[in-house]
1. Any idea which residue in segment B:1-54 is farthest from the other protein chains (Cβ to nearest Cβ), counting only those that are crowded, with 21+ Cβ neighbours inside 10 Å and among the basic types (K, R)?
2. Inspect all residues belonging to segment A:91-101 and state whether any of them is of a type outside the set (F, W, Y) and without any contact (Cβ under 8 Å) to a residue 40 or more places away in the chain.
3. If you check every pair at least six apart or on different chains, which have Cβ atoms under 8 Å apart with a residue in segment B:1-18 that is farther than 28 Å from A:K379 by Cα first and a residue that is among the small types (G, A, S) second?
4. Only one residue in A:K347, A:K379, A:K447, A:K426 is closer than 30 Å to A:I137 by Cβ and out of contact with any Gly (no Cβ under 7 Å at 6 or more places or on another chain). Which one?
5. Hey, A:A454 hits all of (1) touching a helix residue (DSSP H, G or I) at 6+ places or on another chain (Cβ under 7 Å); (2) part of a loop (DSSP other than H, G, I, E, B) but one; which does it fall short on?
6. I need every pair where a residue in segment A:323-347 that is at positive phi has its Cβ under 9 Å from the Cβ of a residue that is part of a loop (DSSP other than H, G, I, E, B), sequence separation at least 6 or different chains.
7. Among the residues of segment B:110-138 satisfying the criterion of being farther than 22 Å from B:L60 by Cβ and more than 14 Å from chain A (Cβ to nearest Cβ), which is surrounded by the most Cβ atoms within 10 Å (Cβ to Cβ)?
8. Which condition does A:A401 not pass, out of (1) outside any helix (DSSP H, G or I); (2) surrounded by 15 or more Cβ atoms within 10 Å (Cβ to Cβ), if it passes all the others?
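Bear in mind that the values in this text are calculations on the coordinates, not laboratory data. A quick note: this is a predicted structure, and the numbers were derived from the prediction, not measured. Note that we place each Cβ from the backbone using ideal geometry, even for glycine, and neighbour counts take in every protein chain shown.
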Amino acid sequence: MAEEQFYHALKVNNNLCFGCTHCMNVCPTGAIRIRDGKASIRKNWCIDCGDCMKACPVDAFYIEQDDFDKIYNYKYRVALVPAVMIGQFPSNISESEIFSVMRELGFTHVFQTEHTVDVIHELMLEEARKATEKPLISSFCPAVVRLIQVKFPSLVDQIMHVKPPIDTSAIFFRKKLQDEGVPDADIGIFYVTPCAAKIAIVKSPVKDRPSPVNGVINMDFLYNKVLQGIKNRSGSSTRSPGDNLPNLGPKHISWSLTNGEAPYMKGRCLAIDEIHNVIDFLERVENDEIQDVDFLELRACDEGCAGGVLVVGNRFLTAERLRNRAQLFKDIHGMPDDLVPYREYMKSRVTVETPEPRPMLMLDTDTGVALQKMEQVRKFMCYLPGIDCGACGSPNCLSLARDIVQREAQLSSCVFIQRTMEKHRKLHGDHAIRIIEKTWGKDRLDKDCTKIGAKDEGA
Amino acid sequence: MEFRYEIEGGNFSRAGHASSAVKKILKQLNVDNRVIKRVVVALYEGEVNVVAHADKGSMLVDIDEQRIKIRIEDTGPGIPDIDLAMQAGFSTASAAVREMGFGAGMGLPNMKKNTDQMRVTSEVGKGTQVEMITWFSQ
C-alpha cells in the first residue's frame, strides 16, 4: 500500500521549465528536486497545493484537465460550479449571464456545488457530537487532507469523514436525472475546479466506488471562455440560465471561503488559511499544545477557495463579491425544495473512510536502519555549508543530506563541497562542471541573453 | 544516538521547540504514531515545566532501536515534596504563568502517564532532574 502513489494533477512542462529554484523553494513539503535542468515532483510527497504553480516565473506548471469536447460524449452535460466561479467575475456580470453562456458553450445543466452544503453540515454536526478526540479537522480541503497524510500522520483519525460538496452534489444530480428517466450512460457530470487538489478527488477512485464525476474542467479555462462569450455579444444571451438554479443562501455562498465552515460548527472553532499557517498550527496540535479546540477549518489557500490557483480573479475581490452576495441573500436558508427528498439518499453516500497515513519523513521502515541513516545525515550536515542555496538541486542542505543517504544525490552535488574538493585537488574543474550540468542541464552555464532580465529577454 | 537541546527559563514563546525537534526525529525513524504522540506530550510538559519554573535547563535525548530515553535537568527552585507535585492539580505556578494558560498542575502527572518509566529527583534551591523512558513497541 505504501508503494501506491497519489494521483497528481500538477505537471511540469519540460519545454517551458528552464530549471530555476522558485518552485523548489516554496514547496511546503519539499517535494521538488531539479534534475537535468528541470523540476521534478516527488509524487508521494506532493499534496497538490499549487504553490509551485503560483511561484513559477515561466508558467511551466500546468494542471491536467479533460478535453472540453469530452462533454459531448454525453447527452446530458452537467457543469458543477463552485461559488468562487461567480465570485471571480466583475460584479457587473450577473450570475444568470454567466450560466447562460455556459449553456451556450454546451452544458445542458449548471448546478452550484454548494447547494448540498446543508447535508454535509448536518453530517459534520453529527460527527462532532460523537467525537472523542478533539479538535476535529474539516475534510473540505483535499490538499490539507493530503498534507496530514504525509506530514502529520498521527492526526489522520481527527479528519472528518464527510465528502466535500463536489461529490455530494454530483451524487445528487446524477440520481435526480436517473429518477427523471435518464440512463446513467447519458449523464456526464463535469466539475469546474478552482485548484489542483480537488481534481485528485475525482481522479483517484475510492475503494469499489467509481467517482460520481465524469471529468474536470479547469476554472481559468472556463472563465476565459465565458468572458469571451459575454464580450463577443451585445445584448443578452440567447439562452436562459436554465432551471434548477435557485439562489444560494449566505452559508452556502461563503462555505468555501475562509471562515466558511467554522461559524456553523459547535464549540470553539478556528479557521486557518494558507498552507504554511496550516502547517505551523498542525505542529502545535500534534504536540498537544492546543487545548480545548473543538473544530478546525483548514484551507491550503489564502482566502480559501477564492485563492485557488485556477481562480483568475484577485482572491480578495473574489471573496468580497461573494461576501456581498451572502449579505444580499441573507434571508435564504436551507436546501432548495427539489433537493429535500434526496437528503437521506445523499447522507448515506457521502461518508468516507479515514485516509491512510503516508509518512514521508521516515528514512526507512526499519527503525534500526533509519537510525543508521540518520547518523549519516547528521555526519553529512557537518560538511554541508548550511546556506540552503539550492544549487545542488535539493531545496536545502538537510534535504541534500537526506537525498545522499537515500542514494538520490552525492555530496559532490554541493557547489561549495566542489570548491573544497578542487582546492584539495580531489576534483577536476571539468568534472565539477559535469556535475553541475547533471543537475542544471547541459550548457546551462553558457551565455544566454534571452533569459528573463537579460539583454535580449524573450527574443 | 544523542541529541541535546537547551531550554530557556521564562521564554514561553520558545516552549515546544525541543519537543517539536524530537518529534521530527521520531517521525524519520518510523516510530509508531501513538508512541510519538505520548513522547511528545511528555516532552512538551517537561519543557514547559522548565520554562515556567527554572532559570534554564536542558533536554538530553538518547535514542536507540528500542526506546527513547530523555533527561530533562534544570537549575531552578527544586521541588520540596515530589509526591505532592505528582498529584494532579497541584501547582506552584505564579498567577502570571497561569494567565498564560499554563500551570494547571497537570505537568508531572501527564508526563508520568505518557511515559513507560519516569524518575524525578530534586534538590531545593538547586534544581530538578526528570528521567523518562518510553519503549517503541509495547
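1. Residue satisfying both the conditions and the ranking: B:K23.
2. Our first condition is that a residue be of a type outside the set (F, W, Y); within segment A:91-101, this holds for A:91-98, A:100-101.
Now restrict to residues that are without any contact (Cβ under 8 Å) to a residue 40 or more places away in the chain: A:92, A:94.
Yes - at least one qualifying residue is present in segment A:91-101.
3. B:G9/B:A54; B:G9/B:G57; B:G9/B:G76; B:F12/B:A52
4. On the way: A:K379 fails: closer than 30 Å to A:I137 by Cβ; A:K447 fails: closer than 30 Å to A:I137 by Cβ; A:K426 fails: closer than 30 Å to A:I137 by Cβ.
Step by step, each of A:K347, A:K379, A:K447, A:K426 is checked, and only A:K347 is closer than 30 Å to A:I137 by Cβ and out of contact with any Gly (no Cβ under 7 Å at 6 or more places or on another chain).
5. Every condition holds for A:A454 apart from (1).
6. Listed pairs, sorted by first residue: A:G334/A:G249.
7. Step one: of segment B:110-138, the residues farther than 22 Å from B:L60 by Cβ are B:124-125, B:137-138.
Restricting the remaining residues to those that are more than 14 Å from chain A (Cβ to nearest Cβ) gives B:124-125, B:138.
Details: B:V124: 12, B:G125: 9, B:Q138: 8.
Per the stated criteria, the residue is B:V124.
8. (1)
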